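Notes follow the structure.
The values are calculated or read from the model by the stated rules, or taken from the named source; none is laboratory data. Source: prediction; values computed, not measured. Please note: Cβ atoms are built from the backbone with ideal geometry, for glycine as well, and neighbour counts cover all protein chains shown.
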Amino acid sequence: MRSIRIPQDRIGAIIGPKGSTKRMIQKISGITIDIDNEEGEVFIHDEKETADPLMALKIMDVIKAIGRGFAPDKAQRLFQDDEYLEIVDLKEFVGSRKNQLTRIRGRLIGQNGKTRRIIEDLTGCEMVIYGDTVSLIGTSISLPVAKHAIELILNGSEHATVYHYLESERPRLRIAEMGFDL
């Protein structure tokens, strides 16, 4: 049995309306999960011989993604092969100063969500900023591009520079989308 702790305010998202998200996770994976509402702990029962060991790891990523702020339907992408979760800790870039964390979150989101939307649209990744982290879900090709764009912003690059970088990577991402190896 494996377990993962998630923030208390995200327990409801893992359970879903009338338990629908929990049932969806169990149905797709074939593995039972239990949720401790008090502690914020999710237990994954992957002891059965029929349980796919890779599926247990995918469930952990799905639960971690929901815990980091993704909607369950977006986190469900992680059940597919070649879809991965990446979590970047903002404190590694700005320390724990509250005003700097607020500023950097604002830079990542952009005015009216423009920066976040551009990163998502040009890379095909999903992006969520929750607490002191920014999380991404994407393929092995698109994820490093999106992560690099985020790191550029976190290191103080101008938004125009980041947008130019994303535009320059777009042809490579399109080729990868068509299924060709790079």
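Within segment 97-115, residues that are under 18 Å from Glu126 (Cα atoms) have Cβ atoms under 8 Å from residues that are in a helix (DSSP H, G or I) and polar (S, T, N, Q) in these pairs: Arg107/Thr115; Leu108/Thr115; Ile109/Thr115, counting only partners at least 6 apart in sequence or on another chain. Just one of the listed residues (Ala13, Ala71, Ala56) is within 20 Å of the chain's Cα centre (by Cα) and farther than 23 Å from Ile129 by Cβ, namely Ala56.
Restricting segment 126-182 to residues that are part of a strand (DSSP E or B), in contact (Cβ under 8 Å) with a residue 24 or more places away in the chain and of a type in the set (A, V, I, L, M) leaves a set whose member that is surrounded by the most Cβ atoms within 10 Å (Cβ to Cβ) is Val134.
Among the residues making up segment 26-47, those that are touching a residue at least 40 places away in the same chain (Cβ under 8 Å), of a type outside the set (Ser, Thr, Tyr) and under 14 Å from Ile66 (Cβ atoms) are Ile28, Ile44. With respect to the conditions (1) at pLDDT below 95; (2) in contact with a strand residue (DSSP E or B) (Cβ under 7 Å, 6 or more places away or on another chain); (3) at negative phi, Glu49 lacks only one, and its number is (2).
Among the criteria (1) surrounded by fewer than 20 Cβ atoms within 10 Å (Cβ to Cβ); (2) farther than 24 Å from Arg10 by Cβ, the one Thr123 does not fulfil is (1). All of (1) at pLDDT 95 or above; (2) over 23 Å from Gln80 (Cα atoms); (3) in contact with a strand residue (DSSP E or B) (Cβ under 7 Å, 6 or more places away or on another chain) hold for Lys147 with one exception: (2).
Exactly one residue out of Arg103, Arg116 is of a type in the set (D, E, K, R) and more than 29 Å from Lys58 (Cβ to Cβ): that is Arg103.
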